[in-house]
Amino acid sequence: MNVITYIFKRKVLVMLAILLSFNTIADAQKLLTDTLKQNQKVEIGFGAQPLWLISSAVSNVKGTELQGQFTTNFTTRLHGKLAGLSVVTGSTEPGNENMTIYGRGVNTFGVGGKQMLVLIDGVQGNYEDLIPEEVESVSLLKDASATAIYGSRGANGVLLVTTKRGETGKLKVSFSAQYGIQQAAAIPKLLDSYNYATLYNEALVNDFGAGKEKYTATDLTKYQDGSDPYFHPNVNWHNEVLRKSAPISNYNLTFTGGNSTVKYFVLLNQQSNKSLYKNTGDMSEFSVNGSYSRINFRSNVDIQLNKTLTAAVTIGGTVVDQANPGALSTYGTFNAMSKIAPNAFPVYNPNASFSRNQLYSNPLGDLMNNGKFTSNGRTLQSTVGLTQELDFIIKGLSATARASFNSYFLSQSNLTRTYRSYEIKEAPGALIYNPFGISVGLSPNEGSSDQYRNTTFQGFLNYDRTFEKHTVSAMAMYNQDTYTISGDNFPSTHINVSGRATYAYDQRYVAEVSMAYMGSEKYAPGKKFGYFPAASLGWIVSNEDFLKGNDAINYLKVRGSYGLVGNDQYATSGTPRATAFMYEQYYNNYSNYYFGTTQASFTTLVQGSPANNNVTWEKEKSMNIGIEATIFKNINISFDVFNRNRYDILIQPNSTTPDFMGFTKPYLNLGKTNSKGFEASIAYDKTFNNDFKLNAELSVWSSNNEIVYNAEAIKLYDYQYLTGKAIDQPYGLEAIGFFKDAADITASPKQIWTNVKPGDVKYKDQNGDLKIDGNDQIAIGTTYLPDFNAGLNISAQYKSFDLEVFFQAVGNRTVTLGGNDIYAFQNNGTVGEIALNRWTPATAATATYPRLTTLNDDNNYRYSTLWQRDGSFLKMRNVEFGYTLPKSVISKLLLSTARVFVNGTNLLAFDKLEGYRDAEIGIGYPATKSVSVGLKVQFK
Amino acid sequence: MYMKKIIYIIVSFVLLFSFASCEQMMGDFLDKAPGVDVTEDTIFSTKTQVETAVTAMYRYGMHSVLPRQELNYTGFQYAPLAAGCDECESGKPWPDPQKWNVSDITAENITSVEDRRFSLRFIAMRKANIVLERVDAVAELSADYKSQVKGEALFIRALNKFEMFKRYGGIVIVDKKLVVGDEFAIPRSSIQKTVESIVADCDLAITLLPNVYPATMRGRATKGAAMALKSRTLLTAASPLFNAATPYLPMENADNNKLICYGDVDNNRWTAAADAAKALIDWAAENGVKLIDDKGVDASYRYVFEVNDNAEVILANKMQGAVGTYQVGPWRFLVPFGFDSRTWQVGNQMTLNFLKKYEKKDGTAMVWDNTGSSVMPLFDNLDRRYMQTVGSVGTKWNDQINPVRSDVGGDQYWTDVAKGNNISLTGMWVMKFVPQSMSLKDGTNGQQAMPNDIIFRLGEAYLNYAEALNEFNSAPNADAYNAINTIRARAGQPSLPNGLTKEQFRERVRNERAVELYFEDIRFWDIRRWKIAEDDGVMKGDFYGFEFKADNFDAPTKYSYEIKKFETRTFLPKMYLHPYLRSEVLKGYIVQNPGY
């Protein structure tokens, strides 16, 4: 209780400090009756401001605009929708998508954390399982002025998701259903048995000389005509394991309405996404059909308790059920299918058992027999808030207190087993069945689970008042939250006091200052807190006399901001990693030593890297300048340009600390980066003749970063330095062709990894030492994260028909081809279509792939420009065509609106990978495209 | 109105000043939850904790002789260093010691080719320094224990300094625990200072260490270990590589020559070495350390290496528990392929160049003809240590390999060429250190044995003594003869003839040393400190082996032999000392050795 009283006193104090700067007390408010979109309120940090008042860089998208793509993961829907946000796909497997989002690219490296802060209704939670039907809008806060109030959590950008709340009005019940069929968009291109055997023969001749072929002409004929399916099989594993299509569906029911006492928004939604695997659960009792299904529920209620006190209750949650046959995720199965040669073994043996060989087990057999892997995850987000209007103290003042509890729990329930399969061998007389594995029953394994919970308490003082020509808005807040993650981790805690004050004069000049005083548990006592101030200015030029009423320029605002934000996240697991509390000296148990004649072992205790008492968070000084305009009434333009300088990044001082210090180098705050870029968008919105509406919006954004200082060890050659290059710049060898003949090999620098032969990849000797080794690696290609993004949305409406198309494009990124469908015959694997372009003495002039070899080649498959590809792509993410039924038809059915539609998701993709890969994912669950039909009705 | 405002102002100022306590209030919320963290104070609070720190000192501070993976996972050493000198050739072409044979040693690859412990040594010395600084302040320890622990720390520190010295010459001496803020730019010390530092540490350790430990603590440093280290150090310092007026290769800046040689020849250095060796021999006599000679001349030598913790071992590295041949290092890398039914073993084969050092049983030199019809009697007539070192063709290795068939076509000759396995190049597979009792059968887990790498043993002291006495005097004296004859007697060889000149005695001592201390991580360094590595047949020139053929492959009675060359090796003069790691040199504190 003492804490709360104390905190309340603090709040009053802060509020007073702001107020002391004002002399006048309020007059009547001047209502603005413009219908420009500039008066719409947009969510910003812990508040909402009309667009014209915002002097920081914020991108915003409405929840309704996110409904186009038919997927079960919320982050996927954000592709290309928010200028400044890059969405990177990890996988397309439902439930295991591993999406990552970046606001304005990345600006840290090494152990520095790159995660953005994502808040749902002001608190951290699991946003990936939200659905657009429950989201009101999503805002991306980009510059220092918008993110400063988040203190040391805001430097990577902040994403705010706001869920829908009720409005005064009659009860509205709406129901929507959507059902679609998905297909795999790209499957690895592997060769069939005949081609595999032909190329394998060629590879053997390359390795061991003429006459060393393994497959005879009879073998090749048998592969072609399929006359011996058991010993000359031709299996396309993807066809055996995957089915042609899988269904996906979504059913949604919402109730919303309100009166002067209560406003509510209630939602119930069920989604289901079946896997592209064949329904092995139907085929075998030991398997389960792959599927993902989720239920979302939400109940947001606002209650007016009395004239000045309102309560807001926000409860939302999900229950997810996932099932996978054979293994916990699909990656292992897809990896095996890209590895097994088409002629390795048939699917079934003559006696109907599953076939396999010494090295590989049968993928279909594994799916049908290795057991059932199911998991159940539940999320709960609950927030209760009270807002008291304090107009009786000062007009326009209100106070809010909020408490929130979010929880996520995932439990796995696996039933595993092994089974017997046979390798068949030919023998005179009968076949030999060579058994592998034993058949046992299903054994349960319920152990694994994962969870986190998050408790937050927030208190606000808000002041919003417009009087005469002055618009004043101020916010002061207190926030404390604890985030506990499962596993051997300490909870992450933050406390901050933040404030923001905005002042606008005559709707022409805007000034805003914001600040956070934030503390985090990671740092030494006395060094936990820091200040993060920011300021911004805006000038609404179109309200000046010289532009007022201008026909061409309806709205023009110029703004700029500058401030300091921080990032206190860094990796404490994985590689590289730092320790959780770096100001404390750690000692670890290490390998044992033995003493005595009886081999008794003794434990050892070893000092970790030296403690760094001054460890602190990364800081970023960021500057942003922007222009927003509406011209010719229908065209909205906005343009932002930014420059961010981050310093105090944690790095190890490799350049100066000698090894004879005798310890692992500690992480010190020495690193620096810089990032620059822009966002631009142009939108056209016009209603023609009241029958035809057209809306088109194009956004492009780009960011480029650079490592300014990273204390790297002194290198032998200038081109080896990472400083001055992009973060995560790949380094590799530069491939300059293939060796032509023995003379070419003798005349070229020696490549140290193997004794090269004609047809092997030739690399460039960067340093002129006549040797190709690790020192010849230079910066090649660019990063995996695209520097350039674009999104184009076109929607048109004519009478009762509507059409929407959305394209997304990225540029300036590099992907690397790899894996068994690319590297021919490596690691006893198979060969893909790309190997048809291989080097032979005949095709030497046009070959794009090295000579074939059956041995694991250490030279040709090294990371080099030969395997890099331009990863830019343009995808048509969704296209939807809908028809709104006429009122005359539906009013008999007690419906007030009804719309049917046809939707296509991910139907088109253009990239430079020649079909060998989808531009966004590697080996694993394939990219999917879907076509669906749907219905949305609202009841009277 | 104004009154209200004034009250507000006063109240706000009062509250403002209480801002400072904000952090204390809110700070508690952010405090790290109390845990069972260990700090340096915890470690130096009780004896059990101090023991963990001391154990860590041994774990980091003791180097390996047998091939295995070092602590910081810099990769496996698949072959012992013996494969990088004339003692043997590795069974496979790719283990790192092979790089010495082709002079492929650079400042970039030195820590992955030979000196994987480069950074580990500094960690070990730091641990020793921490123990030295803090152990006195621990209240509950007895004075004897404190002395012992300080002695052990000084020993570990001196041992690691010596390991640096023998590789690099002048080293960076770090005798205190460095903290962030200390001056790091410590340059290399001269040879003089390096040797003085090592000897000072050893001398102090000798006064502090106990003579013997209870059996449960066997493996810790005794007084004898420090004496043995001092003897080895002084012997190395007195040798021609360092004890010279000009270095083997000059530094760019002549002032730096003192980092790689003394700058003058002083015969007294040999006396100091001789005295140190004698002190060790005397100490051993009084403290239960003695040469193993009671198992008979055909088995005593082998007993020293196959039975752990025997009386001759002064200090052994006990970093590994019991392992079998199927597990990673060291047995797997010592046992040659073909001795185990799996094909992943590496093995080492003795070169003919080295075999020529083995005398006949009568003490005269063995001369090998280019071919011969029956080789087994010739081997039988060699110095008995040969049979206790090599799994020789036609002899019994153990119950599972009886006889060893390294003749053409035999199991121990080759496996699958297509898979890249060598054929046997010399026919003489080294089996020293591998316990004969280890089972090599496929399918079973193989009997396990605990490897104890012998770091110091008494036999070396006699050889040190003989060498040093001979170098100091103008001719070998009785003490020198006694010393070397003691070693020869244990092996069943007759005493050396009297009346040898200094040069002749020197050759006999060097020969004896090579044979006795074969494969024990000694010769690689001996050929450097004697500056004979460039001599033909030592590290340079043609290398030969045997090709054996059975008279009747299925029931052989005798094996013919033919001498064949298998390799030409090179040695560059710069390789007498290792280069310092390039990335360390680029930091600016260390002067690189010449030629790199």
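Selection over the range A:767-783 of residues that are modelled with pLDDT under 90, assigned to a loop (DSSP other than H, G, I, E, B) and either within 30 Å of A:Asn704 (Cβ to Cβ) or touching a Cys at 6+ places or on another chain (Cβ under 9 Å) (or both) gives a count of 1. If you go through the range B:57-77 and keep only what is within 11 Å of another protein chain (Cβ to nearest Cβ) and modelled with pLDDT of 80 or more, you end up with B:Met57, B:Tyr58, B:Arg59, B:Tyr60, B:Gly61, B:Met62. Across the range A:133-146, the number of residues qualifying as more than 10 Å from A:Lys164 (Cα to Cα) and either modelled with pLDDT of 95 or more or under 20 Å from the mean Cα position of the chain (by Cα) (or both) comes to 5.
Tell me yes or no: at least one residue of the range B:98-114 is part of a helix (DSSP H, G or I) and surrounded by 24 or more Cβ atoms within 10 Å (Cβ to Cβ). Looking through the range B:98-114, none of the residues is part of a helix (DSSP H, G or I) and surrounded by 24 or more Cβ atoms within 10 Å (Cβ to Cβ).
Please state which of the following conditions B:Arg220 fails to meet, knowing it meets all the rest: (1) within 14 Å of chain A (Cβ to nearest Cβ); (2) without any contact (Cβ under 8 Å) to a residue 12 or more places away in the chain; (3) within 18 Å of B:Arg157 (Cα to Cα). Among (1) within 14 Å of chain A (Cβ to nearest Cβ); (2) without any contact (Cβ under 8 Å) to a residue 12 or more places away in the chain; (3) within 18 Å of B:Arg157 (Cα to Cα), the lone unmet condition for B:Arg220 is (2). Would you be able to tell me the number of residues in the range B:530-570 that are touching a Phe, Trp or Tyr at 6+ places or on another chain (Cβ under 9 Å), over 23 Å from B:Glu503 (Cβ atoms) and either among the aliphatic types (A, V, I, L, M) or not in a strand (DSSP E or B) (or both)? So the count comes out to 3.
Mind listing just one residue for me: the one in the range A:483-498 that is among the polar types (S, T, N, Q) and buried (at least 17 other Cβ atoms within 10 Å of the Cβ) and, of those, nearest to the chain's Cα centre (by Cα)? Before you say what the answer is, go through the steps one by one.
Here is the first cut: in the range A:483-498, the ones among the polar types (S, T, N, Q) are A:484, A:486, A:489, A:492-493, A:496, A:498.
Subset that is buried (at least 17 other Cβ atoms within 10 Å of the Cβ): A:492-493, A:496, A:498.
On the way: A:Ser492: 22, A:Thr493: 24, A:Asn496: 28, A:Ser498: 29 Å.
If we take residues in the range A:483-498 being among the polar types (S, T, N, Q) and buried (at least 17 other Cβ atoms within 10 Å of the Cβ), then A:Ser492 is nearest to the chain's Cα centre (by Cα).
Assessment of the range A:502-523 against the conditions (in contact (Cβ under 8 Å) with a residue 60 or more places away in the chain, within 14 Å of chain B (Cβ to nearest Cβ) and not in a strand (DSSP E or B)) yields at least one matching residue.
Residues of the range A:449-497 that are part of a strand (DSSP E or B), touching an Asp or Glu at 6+ places or on another chain (Cβ under 6 Å) and away from chain B (no Cβ under 14 Å): A:Phe467, A:Ser473. Of all the criteria given as (1) in contact (Cβ under 8 Å) with a residue 60 or more places away in the chain; (2) closer than 30 Å to A:Lys170 by Cα; (3) surrounded by fewer than 17 Cβ atoms within 10 Å (Cβ to Cβ), the one not satisfied by A:Ser284 is (2).
Table: residues versus (1) assigned to a strand (DSSP E or B); (2) surrounded by fewer than 21 Cβ atoms within 10 Å (Cβ to Cβ); (3) within 14 Å of chain B (Cβ to nearest Cβ); (4) modelled with pLDDT under 55.
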{"position": "A:Tyr6", "(1), (2), (3), (4)": "no, yes, yes, yes"}
{"position": "A:Ala28", "(1), (2), (3), (4)": "no, yes, no, yes"}
{"position": "A:Leu32", "(1), (2), (3), (4)": "no, yes, no, yes"}
{"position": "A:Asn73", "(1), (2), (3), (4)": "no, no, no, no"}
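Of all strands (runs of 3 or more DSSP E) completely enclosed by the range A:825-940, which ones contain at least 1 residues that are over 30 Å from A:Lys212 (Cβ atoms), more than 21 Å from the chain's Cα centre (by Cα) and without any contact (Cβ under 8 Å) to a residue 40 or more places away in the chain?
Values: elements: A:868-870, A:873-884, A:895-911, A:928-939.
Ranges flagged: A:895-911.
Just one of the listed residues (B:Ala466, B:Ala483, B:Ala461, B:Ala475) is not β-branched (Val, Ile, Thr) and not in a helix (DSSP H, G or I), and it is B:Ala475. Among residues of the range B:45-56 being aliphatic (A, V, I, L, M) and more than 8 Å from every other protein chain (Cβ to nearest Cβ), the one that is surrounded by the most Cβ atoms within 10 Å (Cβ to Cβ) is B:Val54. Could you please find all residues in the range A:668-697 being among the aliphatic types (A, V, I, L, M) and buried (at least 19 other Cβ atoms within 10 Å of the Cβ)? Of everything in the range A:668-697, just one residue is among the aliphatic types (A, V, I, L, M) and buried (at least 19 other Cβ atoms within 10 Å of the Cβ), namely A:Leu668. Out of all the residues in the range B:542-594, which are away from chain A (no Cβ under 14 Å), under 30 Å from A:Leu716 (Cα atoms) and loosely packed, with under 15 Cβ neighbours inside 10 Å? Answer for the range B:542-594, where residues must be away from chain A (no Cβ under 14 Å), under 30 Å from A:Leu716 (Cα atoms) and loosely packed, with under 15 Cβ neighbours inside 10 Å: B:Thr570, B:Leu572, B:Pro573.
Inside the range B:287-325, can you point out the residues that are among the polar types (S, T, N, Q) and within 14 Å of chain A (Cβ to nearest Cβ)? Spell out how you get there, then give the answer.
Step one: of the range B:287-325, the residues among the polar types (S, T, N, Q) are B:287, B:300, B:308, B:310, B:317, B:320, B:325.
Residues satisfying the conditions are B:Asn308, B:Asn310, B:Asn317, B:Gln320.
From the list B:Arg232, B:Arg188, pick out the single residue that is within 14 Å of chain A (Cβ to nearest Cβ) and either touching a residue at least 60 places away in the same chain (Cβ under 8 Å) or touching a Pro at 6+ places or on another chain (Cβ under 9 Å) (or both). So that I can check it myself, show each step before the final result.
Details: B:Arg232 fails: within 14 Å of chain A (Cβ to nearest Cβ).
Answer to the selection: B:Arg188.
Look at (1) under 30 Å from B:Arg529 (Cα atoms); (2) part of a loop (DSSP other than H, G, I, E, B) and you find that B:Tyr303 fails only one, number (2).
In the range B:527-552, the residues that are at positive phi reach residues that are part of a strand (DSSP E or B) with C-beta atoms within less than 8 angstrom, at least six apart or across chains, in these pairs: B:Gly537/B:Phe543; B:Gly541/B:Thr568; B:Gly541/B:Arg569.
Candidates in the range B:402-428 are the residues that are modelled with pLDDT under 80 and crowded, with 22+ Cβ neighbours inside 10 Å; of these, the one that is farthest from the chain's Cα centre (by Cα) is B:Gly410. What about B:Ile171, is it within 13 Å of B:Met62 (Cβ to Cβ), within 13 Å of chain A (Cβ to nearest Cβ), among the β-branched types (Val, Ile, Thr) and crowded, with 24+ Cβ neighbours inside 10 Å? For B:Ile171, the condition - within 13 Å of B:Met62 (Cβ to Cβ), within 13 Å of chain A (Cβ to nearest Cβ), among the β-branched types (Val, Ile, Thr) and crowded, with 24+ Cβ neighbours inside 10 Å - is not met. The set of residues from the range A:698-728 being within 23 Å of the chain's Cα centre (by Cα), part of a loop (DSSP other than H, G, I, E, B) and surrounded by fewer than 17 Cβ atoms within 10 Å (Cβ to Cβ) comprises just one member, A:Asp728.
On the basis of being more than 27 Å from B:Arg332 (Cβ to Cβ), touching a Leu at 6+ places or on another chain (Cβ under 9 Å) and part of a helix (DSSP H, G or I), does B:Ala128 make the cut? Against the criterion (more than 27 Å from B:Arg332 (Cβ to Cβ), touching a Leu at 6+ places or on another chain (Cβ under 9 Å) and part of a helix (DSSP H, G or I)), B:Ala128 qualifies.
Within the range B:486-529, the set of residues being assigned to a loop (DSSP other than H, G, I, E, B) and surrounded by fewer than 17 Cβ atoms within 10 Å (Cβ to Cβ) comprises B:Gly492, B:Pro494, B:Ser495, B:Pro497, B:Asn498, B:Gly499, B:Thr501.
Do the conditions hold for B:Asp203, that is, is it within 25 Å of B:Ile281 (Cβ to Cβ) and surrounded by fewer than 20 Cβ atoms within 10 Å (Cβ to Cβ)? Taking the combined requirement at face value, the residue satisfies it.
Residue-wise test of (1) touching a residue at least 40 places away in the same chain (Cβ under 8 Å); (2) closer than 28 Å to A:Ser59 by Cα.
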| position | (1), (2) |
| --- | --- |
| A:Ala144 | yes, yes |
| A:Arg153 | yes, yes |
| A:Glu167 | yes, yes |
| A:Lys172 | yes, no |
| A:Gln178 | yes, no |
| A:Glu202 | yes, no |
| A:Val205 | no, no |
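Is it the case, given these coordinates, that B:Val138 is over 22 Å from B:Thr52 (Cβ atoms) and either away from every other protein chain (no Cβ under 14 Å) or crowded, with 20+ Cβ neighbours inside 10 Å (or both)? Judged against the criteria, B:Val138 is not a match.
The values are calculated or read from the model by the stated rules, or taken from the named source; none is laboratory data. All of these numbers come straight from a predicted model, not from anything done at the bench. Every residue, glycine among them, receives a Cβ derived from its backbone with ideal geometry; neighbour counts consider all protein chains shown.
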